[in-house]
Structures are given as structure tokens and as C-alpha cells.
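See structure below.
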Amino acid sequence: MPESPTTPDRRRIAFDPDTLAPPARAAFVELGLVTCFSFLRGASDAVDLVLTARALGYDAIGVADVNSMAGVVRFHTEAKALKLRPVIGCRIETVEGLAFLAYPTDRAAYGRLCRLISAGRMATLDGGWQDKGVCEISLAMLAAHGEGVQLILLPPADLDAEFTIEVASNVVPFGSRGDAKTRRRFGSRRGAEAQRRETPAAQPLSMAAVVPNGNVADDWGACGAREPLCASASPRDTIPFTAPFAVLLPHLVRQLPTLRHVAASYLYRGDDIARIERLDALARAHGLSLLATNDVLYHLPERRPLQDVMTAIRHKTTVAAAGTLLEANAERYLKGPEQMERMFARWPHAIAAARAVADACAFTLDELRYEYPEEICPGGASPHEHLEQLTWEGAARRYPGGVPAAVRDTLIRELALIEKLGLARYFLTIKDIVDFARNAEPPILCQGRGSAANSAVCYCLEITAVDPAKHALLFDRFISEERKEPPDIDVDFEHERREEVIQYIYRRYGRHRAGLCATVIHYRPRMAIREVGKAMGLSEDVTAALARTIWGGWGNEIAEKHAAEAGLDITDPHLRRVLKLTEQMIGMPRHLGQHVGGFILTQGPLIETVPIGNGAMPERSFIEWDKDDIDAL
């Protein structure tokens, strides 16, 4: 897949791990950390967070982006470079307004968590096609996918805040007896029956209801998938129940068997000790443990202004008008283990709980193993036997006067190397897709290109049109045993009919096993100055004038000369602040897009390796990782 020219160089930690000693075991592990892949929330990238964590004395650090695994590969890679243990998880925010840190203990639990996120990103609660970038997860869905996932409840800032959740219709809500206020909210049995409905997650999700044209029916349960995308939580009817957080807590414990902890963090409002004491008492009363976190948004307090700008952009307002949408202070930075121990000296069990959760998470991304899809071959032949048959049949067509001895020797050598490297299925896949295009009515124009033109096998399979024997092309440029990497066969399809090919791949392999790779849309200089300037209250004509002075590229510096060229006063403190924030924003991820045609195919369910979400185009779905993430794993 060619690199997009709009992609900046990925930041990486340059340290040689062999020169670093492993850090000492810390008493505390931060688990409530988001990266910049919680788009327009997290104001620091994996490099800054991991470097800071190492400097602060962490030996392990958790990552929990919001309803996403998009940033975990980068976090995993950079943490390993500094010999830190990355603890992989995510932050689940439900449609009921509740939030949980979710950390899988093993590979199977990680797969269920990916399935859960995929469910929220691919289908609405009523089974419709989900909008791009939206993730709807209910408590019932979380419960259905929660086996092996350690759940940590993140309480609201206001512990008296009310939420509405679904409870089983045959369960008397805790706290309703003797509590007139709660009893009024719950209503009479007759009133509750009038509102009764099945929980949205109680219906298994069929892709026939999700794909607009019903092209892929029940795709998610096929080919080895162990459960439907959104499993049934309970056959019982449910009713809505509205109550304060403290009253709802026992219901959450009942519905979520793996909920073991309630998170606590300082809000710096003057009542922190009393609030955490109340949380501790609530947790103990319901068999839960308090767990410490600083609910991290950035690596240093100096990033708070950038996080304010991100919040304003996310809410389509300005920093000046955002009010209580903004954080009240700059305390949500990554604090060291010793500092957290001092802050939670009254609650040492909360520090120990965070460490225990991290220790229980044995899963690592290193456990992910790629397995190419099995190709069904006629007559019970092995993939390589079938490839050999197709190759020699194609050679007879390419050379009707007889296959030259030199070409025959080349084919034998190439096929032997393909067999040794186990690549037959890959060649069969490309051949199958090309055959589909050429057999369509009318045929879809397609042509292999690049280093694949060096292969006599590709030529005989009619993937490429150039005879390498006539042009003295070197096969070793295409496949080499020494390089230890698979070949890259690029095939161009006519633009107007590329969608037909994409939908064929979905039908052929199933949406649970096939997905387009993502591309990460980053803030380029012009986009950054426009959005940051708007959030900081600059007029549209000022931001447009600044943007016109930037000629593109990925430089992360907005020099003062740009302001001077736009006729602006470079001594204005507010303008200088805007330029500084713009420099920090350049290169930050804005959202995920879909690759123009780079697919990943798997033998087992892809949705148990990485979440899949819908694209903006109808019937398009793509994974949360880009090709660099895949290469890194």
C-alpha cells in the first residue's frame, strides 16, 4: 500500500532498549490514561506519555482510550522501547452516561472487548447501520462481553447525579422501599409496564439488518466466530429506572459480574477527602474496592491549554464560551507513583488495587498472531498444489508456442520459494480478486504493478502484463528469503468500479474477517491554524489570512513571519499564544479515515483482533489500525 503524502513521519522513541535497565517495580500503576487517539480529548501522544512515565519511575502503565483501540499499538511499541510494560485496555462510555475502565486479563477477553467496540461502531442499538465515528454501547452489551474483563467504574463528579438504566422487570429496585423519592421515580407497576421494552442488546445482531442491501447475511457468526456480534444479555424484559448514582450502584454490581472496583481521583474542589471517603464507603458496602487514578489527559500540566482548545473544537465553541466544559485546573497530568501514594495516603488499598489490576492483566499485544485465510481449493488440493496448477495453465496461455526453458526454470524457482515462505494462499487471493474483476459484466479494468511485475508467477497468473523474461527483471526485488517480509502485490482497478471489487471482498471473506485499513487524519498546519484560531476567538478572516501564508508540508513551526505576512501584530500576546498552541496541534490525530483499498484478511474473526467501524460511505467498514500499526505487530 503506498504511503499517503498527507501522513507525517510517526514520532518514535530513539532509545536502544538494550542500553536500558528495566525499571524497578512501582507500588502504583496509572490505569486511567487516554492518549491523543481519544480524539480531541487526550492532549499528549504515546511518545510523550511513555517518556514521562519512565522518568517518573513507572514500570508499567495502562492505556484506556475512549471506546477505541486505535492508539494501543503505538503505545505498546513505545512502551516496549523503554522497557515499560504496557497494560492494554480502553475506557467504555455507555449510552446511559456511565464510564468504565476495561482491562482484559487474557487474549480471549481482549477479543471480547474488541467485539464489543465493533458492535457499538457498526450498528445502532436498534440494529441499523451506525454512523462513522459513533459508538453506542449499552450496559447490557458490556455485560454480555465482560467475561475476563476487569471493570473499574468511573463515578461522576457529582455523586448525586441521576442516571437511567435498564433493570429486570422482576427485580425490585434497591432502595425503592422506604424511599418515597425513589419510589416516585420508579413509578407504579402499571406505569412501568407502559414504559417496558426489551433492552437493545437483547436481540442478536444480524448483518442482514445492518448492511443496507442485505449483501452479507449473518456474517458475524460465520466462519469460526464463537458468538454473534452483539450477544443477548438476558431474555427477560427490562424497565427503565432513574436514580442517583449511589442508588444505582447495587444494580450495576448485579448486572456486571466483573465489576470489582470504583475509581477515585482528586477534583480539587475543596471536598476531595469527603468525596473519596464516601466513594470508599459505597464501594465497601457493595463488595467493591476503591482504586486510585488521576484520570490522565496529558503528560505535563503545560498541555492543559491545548486540551482546552481540543474541548472547544469538540463542542464547536470557543475557549472563552466553553465555561464548565473545560477542566477546572491543570491537575489531570501524569503524576508519579510516589506522588499518587502521598495523595492517597488515607486509602493505601486504592493504590494497591491499581497495582493488582495491572498485575492481573497478563495479556499483551505480542500474543496477537496473524493467520491468513484458508483458500478453498478444488479436488482437495493444497493451496500450493492449486497455485502450481493455475501457474502452469497460465504459462501455457502466455506461451502458446511452448514455455521457454529459461521461463520454466524461473517458474520452478519462484514456486519453490513461494512454498517455502508459505505464500500460496496470498497469491491465490490476488488471483481470485483479479479474476472477479475480469469476469464481471462488463469487465472491470485492472492491472498489477510495482515489484510484482518482476514475478513470472504473477505474469502467468495474469495479475501483471509484463513478461519479466523479456525485460530481465529481477524476482529478488519482489520476494527475497533474506528480507523476511511478504511481497507487496499492488493491483489498480478502474476508479469508477472499485466499489464493486471492495464489496466482492466483503462477500467473499465476510465483514468479520475482512476490513479496510485505517488512515490517520492528522492536523496539517492549515487545518490547525484554522481550528485553533477559531477556538481561541480569532475571526475567520484572520485565520484565513494566516492559513494563506502556509504552503503545506509537515513543519511543526508557525513562524512569526507568517503573522507578519498576514499583516498581523506579532507583539499581540493572544496571537502569540494562538501560534504556540497551533504548533502543538500540528501532527495530532483528528480522526480515522479509510484506506483507498488496503484490506486486511484473516482466518479467524478480525473483530477479535482489532475493532471495526463503519466508514462514511455506505457499506464500507474499516479497522482502527493503519498499515504501520499492522507492520509493527
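The values are calculated or read from the model by the stated rules, or taken from the named source; none is laboratory data. Keep in mind that this is a model prediction, so the values were computed, not measured. Using ideal geometry, Cβ is built from the backbone for each residue, glycine included, and neighbour counts are taken over all protein chains shown.
Just to be sure before I move on: is R107 among the charged types (D, E, K, R), under 14 Å from the mean Cα position of the chain (by Cα) and at negative phi in the structure I sent?
The answer is no for R107.
Which condition breaks for P23 when tested against (1) surrounded by 19 or more Cβ atoms within 10 Å (Cβ to Cβ); (2) within 26 Å of Q339 (Cβ to Cβ)?
(1)
Just checking, does region 370-380 include any residue being at pLDDT below 95 and touching a Pro at 6+ places or on another chain (Cβ under 7 Å)?
Yes, region 370-380 contains a residue that is at pLDDT below 95 and touching a Pro at 6+ places or on another chain (Cβ under 7 Å).
Which members of region 140-172 meet the condition of being modelled with pLDDT of 95 or more, closer than 23 Å to C90 by Cβ and not aliphatic (A, V, I, L, M)?
Once the filter is applied, which keeps residues that are modelled with pLDDT of 95 or more, closer than 23 Å to C90 by Cβ and not aliphatic (A, V, I, L, M), region 140-172 yields H145, G146, E147, G148, Q150, P155, P156, F163.
Could you look through region 555-577, keep only residues that are in contact with a helix residue (DSSP H, G or I) (Cβ under 9 Å, 6 or more places away or on another chain) and within 18 Å of R304 (Cβ to Cβ), and pick out the one that is modelled with the highest pLDDT?
For region 555-577, the residue satisfying everything is R577.
For L259, indicate whether it is modelled with pLDDT of 50 or more and not hydroxyl-bearing (S, T, Y).
The answer is yes for L259.
When you look at R269, is it surrounded by 19 or more Cβ atoms within 10 Å (Cβ to Cβ) and either more than 29 Å from P104 (Cβ to Cβ) or of a type in the set (K, R) (or both), yes or no?
no
If you go through region 296-316, how many residues are without any contact (Cβ under 8 Å) to a residue 12 or more places away in the chain and surrounded by 14 or more Cβ atoms within 10 Å (Cβ to Cβ)?
Matching residues across region 296-316 total 1.
Quick one: would you say A350 is without any contact (Cβ under 8 Å) to a residue 12 or more places away in the chain and part of a helix (DSSP H, G or I)?
Against the criterion (without any contact (Cβ under 8 Å) to a residue 12 or more places away in the chain and part of a helix (DSSP H, G or I)), A350 does not qualify.
So, K580, is that one in a helix (DSSP H, G or I), in contact with a helix residue (DSSP H, G or I) (Cβ under 8 Å, 6 or more places away or on another chain) and either of a type in the set (S, T, N, Q) or modelled with pLDDT of 90 or more (or both) or not? Show your work before the answer.
On the way: in a helix (DSSP H, G or I): yes; in contact with a helix residue (DSSP H, G or I) (Cβ under 8 Å, 6 or more places away or on another chain): no; either of a type in the set (S, T, N, Q) or modelled with pLDDT of 90 or more (or both): yes.
So K580 does not fit the description; no.
Restricting to region 9-32, what's the tally of residues that are in contact with a Gly (Cβ under 9 Å, 6 or more places away or on another chain), under 24 Å from L297 (Cα atoms) and at pLDDT 95 or above?
7
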